[in-house]
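The values are calculated or read from the model by the stated rules, or taken from the named source; none is laboratory data. Predicted model, so just to flag it, every value in this text is computed and none were measured. Cβ coordinates were reconstructed from backbone atoms using ideal geometry, including for glycine residues, and neighbour counts include every protein chain displayed. Calculation scope for accessible area: heavy atoms of the full protein, side chains included, ligands and nucleic acids excluded. Shrake-Rupley method; radii C 1.70, N 1.55, O 1.52, S 1.80 Å.
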Amino acid sequence: MTVDNKGFHARDNWFFRREDDGSVRILAPDSIGPGAHQAVTLDADTWASVVASVSGGGETSESFQAARSFHDARPERGA
């Protein structure tokens, strides 16, 4: 992750960026001190699971598939 493109700044130095392979890289402040960060990369299925899990209806097969379709910019089936 380059310094010039950390990604979407959610708040409090938490950044989210979609990578070319569909994974999502999260850059977050680290407790070791000011300016320190830690990074984690979630594959597309894990990211879709997170999104579905925190949605109002929780994660179901349908909500996971909807989140995955949205992440992949594919229209949902039956839509």
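Only residues that are part of a loop (DSSP other than H, G, I, E, B) and open to solvent by 60 Å² or more (accessible area, probe 1.4 Å) were counted across segment 11-39, and they come to 8.
It is to be established whether one or more residues within segment 29-41 are touching a His at 6+ places or on another chain (Cβ under 7 Å) and at pLDDT below 90.
Filtering segment 29-41 for residues touching a His at 6+ places or on another chain (Cβ under 7 Å) gives 29-30.
Pick out the ones that are also at pLDDT below 90 and you get 29-30.
Yes: segment 29-41 contains one or more residues that are touching a His at 6+ places or on another chain (Cβ under 7 Å) and at pLDDT below 90.
In this structure, is SER49 at negative phi, small (Gly, Ala, Ser) and part of a helix (DSSP H, G or I)? Yes. Every condition in (1) modelled with pLDDT under 85; (2) open to solvent by less than 90 Å² (accessible area, probe 1.4 Å) holds for SER69 except the one numbered (1).
Would you check which residues across segment 19-54 are in contact with a strand residue (DSSP E or B) (Cβ under 8 Å, 6 or more places away or on another chain) and free of Cβ contacts under 8 Å to residues at least 12 places away in the same chain and list them? Lay out the reasoning, then the answer.
Initial filter on segment 19-54 (in contact with a strand residue (DSSP E or B) (Cβ under 8 Å, 6 or more places away or on another chain)): 19, 23-30, 36-42, 44, 47, 50.
Across segment 19-54, the qualifying residues are ASP30, ALA36, GLN38, VAL50.
Is it fair to say PHE8 is of a type in the set (Phe, Trp, Tyr), within 15 Å of the chain's Cα centre (by Cα) and open to solvent by 80 Å² or more (accessible area, probe 1.4 Å)? Judged against the criteria, PHE8 is a match. Residues that are more than 9 Å from the chain's Cα centre (by Cα), on the phi < 0 side of the Ramachandran plot and small (Gly, Ala, Ser) within segment 14-46 comprise ALA28, SER31, ALA36, ALA39, listed in sequence order.
Filtered by the rule that a residue be open to solvent by less than 60 Å² (accessible area, probe 1.4 Å) and in contact with a Lys or Arg (Cβ under 6 Å, 6 or more places away or on another chain), segment 40-56 gives a lone residue, ALA48.
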